[in-house]
Amino acid sequence: MWTLGVDIGATKTEWMLFDASGAWVLHHREATAALAPNQWLAWLRQCVAPALLHGSRLRIGIAFPGVLSKQGLLRASNLPLLDGQLTLDMLQQALAFDVTVGNDCRLAGWAEARLGAGRGVDKVLHLRLGTGLGGGFCLGGQLYSGHQGVACEVGHQGMASAWLAQQQLPLWRCGCGQLGCVEQYVSGRGLLQLYQHAAHLPTMPELMQWQLAFAAAEPAALKAWQQLWDGLGWVIAGQQLAFDAELVVLSGGVVAAGIDLDAVQQACRRALFSGVEVPTIRLAQLANSSCYGAALLAGAVFNDPSARSA
Ligand SMILES: [Zn+2]
């Protein structure tokens with residue numbers, strides 16, 4: 001049986017079609033349509049149409065930036081037109097195939113644990129630093145999603161109060177409604193808020209503004225960069241006390257742009273009490289890891305992980 005892994009993001013949608021051996025056959029990427037649910041479902045069907053031609057026995061996994069509620073609704077604050085408007089049944093009817101759905105960061109972590117940087121490692125924690133911060137924990141090659149499917153929702157845990165005090169930072173309101181969530185400090189958005197705070201800017205700057213200031217070695221821009229990686233070290237330390245991972249895999253646009261790994265490891269060491277080791281930290285290896293994870297969720301078997309490519 002062939003498998004289609006679809007990754008629906010806030011800005012782009014990407015899919016990969018895999019044959020029965022797990023070899024990659026087709027890959028497609030386009031901007032995610034901003035449409036009302038019914039038109040959006042029609043758009044999704046058209047987007048994946050080339051894959052749907054490949055046989056009547058196709059299984060489909062979909063990764064999306066949110067959670068499936070107990071009522072079966074897709075909740076995704078980064079997809080405002082679809083948030084709480086779509087059900088799994090609606091996706092299945094639109095695509096006319098069996099569909100499974102899961103959180104994009106958790107599925108990406110599963111793919112990294114099975115096929116990427118965590119291959120062969122028993123306890124793998126994945127953290128993705130994009131606009132926000134997502135995570136996923138895998139044990140023995142299996143994804144742990146928890147009772148309600150919100151396990152490892154790292155971005156909406158509270159940032160360590162000791163770190164906030166050390167850095168003399170206030171509690172910032174998160175899009176989820178809570179105060180002081182981790183992703184308000186340790187993420188792409190976090191970097192910009194840290195810079196805004198350090199530079200006393202009246203509004204949140206664009207990424208380009210921070211990049212120019214960083215290139216010019218402006219102290220506030222450098223300070224925000226240091227705080228970001230120091231904060232990540234504290235976040236990893238907190239996760240160690242929950243999951244005790246052997247390996248932490250980091251991914252996402254913020255990490256791809258450059259990471260001060262030494263700073264992360266040193267901060268993690270300072271944040272852990274004596275006798276607890278800092279885990280090995282590696283960068284993610286897979287491109288399109290959420291597509292691979294969505295395919296895994298749908299039941300894809302990858303006979304030869306080393307043959308993966310896209
Ligand atoms: Zn939050």
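Numbers at a glance
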{"read-out": "Hydrodynamic radius of the stretch 57-158 per Kirkwood, over alpha carbon pairs, in Å", "value": "14.4"}
{"read-out": "Net charge over other residues, Cβ less than 13 angstrom from the Cβ of Cys181 (K, R count +1; D, E count -1)", "value": "0"}
{"read-out": "Virtual spin-label span in nm between Met208 and Asp19, 7 Å along Cα→Cβ", "value": "4.5"}
{"read-out": "Segment Glu218-Ser69, length gained on full extension (0.36 nm per residue, minus Cα span)", "value": "49.2 nm"}
{"read-out": "Surrounding net charge for Ala198, when Lys and Arg each add one and Asp and Glu each subtract one, Cβ distance under 14 Å", "value": "-1"}
{"read-out": "Fully extended contour minus Cα-Cα distance, from Asp244 to His54, at 0.36 nm per residue", "value": "64.2 nm"}
{"read-out": "Gln92-Ala257 FRET efficiency (beta carbon distance; Förster radius 35 Å; 0.05 resolution)", "value": "0.40"}
{"read-out": "Sorted by Cβ density within 10 Å, fewest first, the residues Ile259, Ile8", "value": "Ile259, Ile8"}
{"read-out": "The stretch 121-283 - percent relative contact order, Cα under 8 Å, separation 6 or more", "value": "25"}
{"read-out": "Sites His28 and Gln142, calculated FRET efficiency, Cβ-Cβ separation with R0 35 Å, nearest 0.05", "value": "0.75"}
{"read-out": "Alpha carbon convex hull of the chain, volume per residue in cubic angstrom", "value": "132"}
{"read-out": "Relative contact order of the chain, defined on C-alpha pairs under 8 angstrom at six or more residues apart (%)", "value": "23"}
{"read-out": "The stretch 155-310: C-alpha pair distances exceeding 21 Å, %", "value": "53"}
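Values in this text are rule-based calculations from the coordinates and carry no lab data. Keep in mind that what you see is a predicted model, and the values were worked out from it rather than measured. Using ideal geometry, Cβ is built from the backbone for each residue, glycine included, and neighbour counts are taken over all protein chains shown.
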